[in-house]
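So the structure is just underneath, and the comments pick up after that.
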Protein chains: 2
Amino acid sequence: MHNFDNATQFIKEADQLLVLSHLHPDGDAIGSTLAAGHLLRSLGKKVTMVNESPIPQKFHFLSGAKDIYLPDNISEKFRYVVALDAADQARMGQCSRLFTRDVQILNIDHHATNDQFGTINIVVPTAAATAEILFDWIEFMNVKWDLPLATSIYMGLLTDTGGFRYSNTTPKVFRQAAQLVELGIESHVIADIVLESTTLDQLRLLKKALSTLQVSANGEVAWMVLKREDVGPDQEMEGIVNYARNIVGVDVGILFREVGDQLVKVSLRSRTKTDVGKLAKSFGGGGHARAAGCTIHTDLSQALQQVLAYLSVERECDQ
Amino acid sequence: MHNFDNATQFIKEADQLLVLSHLHPDGDAIGSTLAAGHLLRSLGKKVTMVNESPIPQKFHFLSGAKDIYLPDNISEKFRYVVALDAADQARMGQCSRLFTRDVQILNIDHHATNDQFGTINIVVPTAAATAEILFDWIEFMNVKWDLPLATSIYMGLLTDTGGFRYSNTTPKVFRQAAQLVELGIESHVIADIVLESTTLDQLRLLKKALSTLQVSANGEVAWMVLKREDVGPDQEMEGIVNYARNIVGVDVGILFREVGDQLVKVSLRSRTKTDVGKLAKSFGGGGHARAAGCTIHTDLSQALQQVLAYLSVERECDQ
Ligand SMILES: [Mn+2]
Ligand SMILES: [Mn+2]
């Protein structure tokens, strides 16, 4: 299956490994890092886990989450590296400063855009999550499952499928989930902490954003605006744009955030019709057809006008 | 398995059947009704589907949803009835007026409180949904799956597990989901329509409610208030109380709704500690430990005071 023979050989050769993932880590990045950490330690290896960005509070309950270090706090260099859920080396941030010159990288990822930067590359674009690939590798090696390992893998499956709601939720994902729940993980506790929990600050921002909600005359585009004095850290913004997209009849939901002087961040989501990746690209941003973003160097009202003009929205408002 | 032999015999004897579920039907009630309808028709039976309440808009996309009638629109009487997801006959509303005197009822349900009102009773409290029991029956009878059947069953599993987030999400539920997705259902479309969609009215209410959000001094109780002029139909209220419950650190979330003169509906949700079923019962309401509700015959401020006093909340507000 895949390159699991080579991958298994790779870790057999190493005594000490660096495990890392991409910056601004999501549930799959963190879950995969922790799963690989557990796995390698159970095989008797010395493991250092690292990430360019701090681990968000809501993932701290995961066993080992506090042992994922920032690269600045590590002085050693590593010859053996396991890179997870990272499409290229730039996504690792400063972590690559911890590599020796003769570094060997095991690159495990599910992004189709992965540039095969590893010495060994296990890139499986059909996998819903990097955690799904790790699940298969664990089974391949016949490693004994325990709860921390199962919980980390579940985290990756749960978050990268949007709680089993995205189109990448294959029968295989559901079967892996079944097996993990059978092992005794508390899937409902995990879902509650990671998918259902919110903060007062997030709700305050949501209220602000909702009070600016407007819908185009044809009902297909909905947008919200946050002014500079309202805007919080990126984490708090998570999910707010979906409130616009989720309105029945709406295809494109947009959140405009004034993040600086003449600096507006635009988050875009679409249901089925509009390719918001294209839209974002035309403004110098990126993403894919259903979720994308860009930064526009104008004031708020200019940014609104430009994006809505692209979508041929007549600014007749239905608040 | 269970009473499937008797149930199968039951439908073999009948040529014409009435299929029904409980009033204010949820995804499991509607999914189970449609699944049983498809199933019985594929076995050559004449089927009438009925429900005391209109089917909510968001379920109309389901094949057959528009063929579920209100009892008032049916003039025939039925000797053979399949009752689904209904714990007792009162839950059927006026549908029982359509029964003949010598009615025979096949009662399929997963509520532990089911009072075994049927001629044949298949009550399986360990099932996450009535749809899960129907899945097993379909396999037992070796009926050929098709997309409308698979989609209806998926609807029941999806909604009664809160999108695979509740503690009733067993390995069996995940395995059934895997099998249904394998049959080709568009699980992500179903999830989008049923779990992610909202309306402008719902967002307006959410904004109103959020603007009243308060948290107790110890951070464990959060509540919101909707005045009579804000309150919409019950459907629009769905989920609003969860915004209070979901705040990190909060155990009890409450929504107070003024629905009339000296009439306040109270929705209660809790995470792990407080038994809100008990709370609701002490005010003449009902529910279970994690989700409950009651109606209090006072004005809003009195209702607030009484419920918060029960929870020993000091009314120091943190807005
Ligand atoms: Mn991933
Ligand atoms: Mn049910």
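The values are calculated or read from the model by the stated rules, or taken from the named source; none is laboratory data. Being a predicted model, the structure only gives us computed values, none of them experimental. For neighbour counting, all protein chains shown are included, and Cβ atoms are generated from backbone atoms with ideal geometry for every residue, glycine included. Heavy atoms of the whole protein, side chains included, go into the accessibility calculation; ligands, DNA and RNA do not. Shrake-Rupley method; radii C 1.70, N 1.55, O 1.52, S 1.80 Å.
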Legend entry - Test result for A:T113, within 14 Å of ligand 1 (Cβ to nearest atom) and at pLDDT below 95: yes
Inset, instruction - Within segment B:229-239, track down each residue that is surrounded by 17 or more Cβ atoms within 10 Å (Cβ to Cβ) and at pLDDT 90 or above. - result: none
Inset, instruction - Please verify whether segment B:275-289 includes one or more residues that are in a strand (DSSP E or B), open to solvent by 30 Å² or more (accessible area, probe 1.4 Å) and in contact with an Asp or Glu (Cβ under 9 Å, 6 or more places away or on another chain). - result: no
Legend entry - Selection within segment B:91-130 - out of contact with any helix residue (DSSP H, G or I) (no Cβ under 6 Å at 6 or more places or on another chain), part of a loop (DSSP other than H, G, I, E, B) and buried (at least 21 other Cβ atoms within 10 Å of the Cβ): B:N114, B:G118
Legend entry - Residue selected from segment A:257-268 under the condition surrounded by fewer than 24 Cβ atoms within 10 Å (Cβ to Cβ) and within 22 Å of the chain's Cα centre (by Cα), by the criterion farthest from B:A191 (Cα to Cα): A:V259
Legend entry - Unique residue being in a helix (DSSP H, G or I), surrounded by fewer than 17 Cβ atoms within 10 Å (Cβ to Cβ), modelled with pLDDT of 95 or more and within 9 Å of another protein chain (Cβ to nearest Cβ) when the list is A:V189, A:V173, A:V181: A:V189
Inset, instruction - Determine whether A:I55 is among the β-branched types (V, I, T), buried (at least 17 other Cβ atoms within 10 Å of the Cβ) and within 15 Å of A:T8 (Cα to Cα). - result: no
Inset, instruction - Kindly indicate whether any position in segment B:59-66 is open to solvent by 40 Å² or more (accessible area, probe 1.4 Å) and touching a His at 6+ places or on another chain (Cβ under 9 Å). - result: yes
Inset, instruction - Mind listing whichever residues of segment A:116-146 are within 14 Å of chain B (Cβ to nearest Cβ) and away from ligand 1 (no atom under 16 Å from the Cβ)? - result: A:W145
Legend entry - Whichever residue in segment B:147-157 is of a type in the set (A, V, I, L, M) and under 17 Å from B:P25 (Cα atoms) and, among such residues, is nearest to ligand 1 (Cβ to nearest atom): B:L157
Inset, instruction - Looking only at segment A:240-254, decide whether some residue is open to solvent by less than 40 Å² (accessible area, probe 1.4 Å), among the basic types (K, R) and at pLDDT 95 or above. - result: yes
Legend entry - Filter result for B:D28 (acidic (D, E) and crowded, with 16+ Cβ neighbours inside 10 Å): yes
Inset, instruction - Kindly indicate whether any position in segment B:198-205 is within 16 Å of the chain's Cα centre (by Cα), closer than 16 Å to A:K207 by Cβ and more than 9 Å from chain A (Cβ to nearest Cβ). - result: no
Legend entry - Residue in segment A:53-90 that is nearest to A:T119 (Cα to Cα), counting only those that are touching a Phe, Trp or Tyr at 6+ places or on another chain (Cβ under 9 Å) and part of a helix (DSSP H, G or I): A:Q89
Inset, instruction - Identify all residues within segment B:3-21 that are closer than 19 Å to B:G64 by Cβ and open to solvent by 10 Å² or more (accessible area, probe 1.4 Å); write none if there are none. - result: B:Q16
Inset, instruction - Test A:A35 against the stated conditions and say whether it is over 16 Å from A:D67 (Cα atoms) and buried (at least 19 other Cβ atoms within 10 Å of the Cβ). - result: no
Legend entry - Residue within segment A:73-89 that is within 16 Å of ligand 1 (Cβ to nearest atom), open to solvent by 10 Å² or more (accessible area, probe 1.4 Å) and over 22 Å from A:E186 (Cα atoms) present: yes
Inset, instruction - State which residue is farthest from A:S197 (Cα to Cα) when the search covers only segment B:136-166 and only residues that are more than 11 Å from ligand 2 (Cβ to nearest atom), open to solvent by 10 Å² or more (accessible area, probe 1.4 Å) and part of a helix (DSSP H, G or I). - result: B:M141
Inset, instruction - Restrict the check to segment B:214-228 and report whether at least one residue is surrounded by fewer than 19 Cβ atoms within 10 Å (Cβ to Cβ), assigned to a helix (DSSP H, G or I) and in the same structural domain as B:Q305 (by TED's automatic domain parsing). - result: no
Inset, instruction - Check segment A:194-213 and report whether any residue there is in a strand (DSSP E or B), surrounded by 19 or more Cβ atoms within 10 Å (Cβ to Cβ) and in contact (Cβ under 8 Å) with a residue 24 or more places away in the chain. - result: no
Inset, instruction - Could you grab me the full set of residues in segment A:28-64 that are of a type in the set (V, I, T) and away from ligand 1 (no atom under 16 Å from the Cβ)? - result: A:V47, A:T48, A:V50
Inset, instruction - Give just the number: which of (1) more than 16 Å from ligand 2 (Cβ to nearest atom); (2) under 24 Å from the mean Cα position of the chain (by Cα) does B:N6 not satisfy? - result: (2)
Inset, instruction - Would you please name the residue that is modelled with the lowest pLDDT, looking only at residues in segment B:290-315 that are assigned to a loop (DSSP other than H, G, I, E, B) and closer than 20 Å to B:V250 by Cα? - result: B:R315
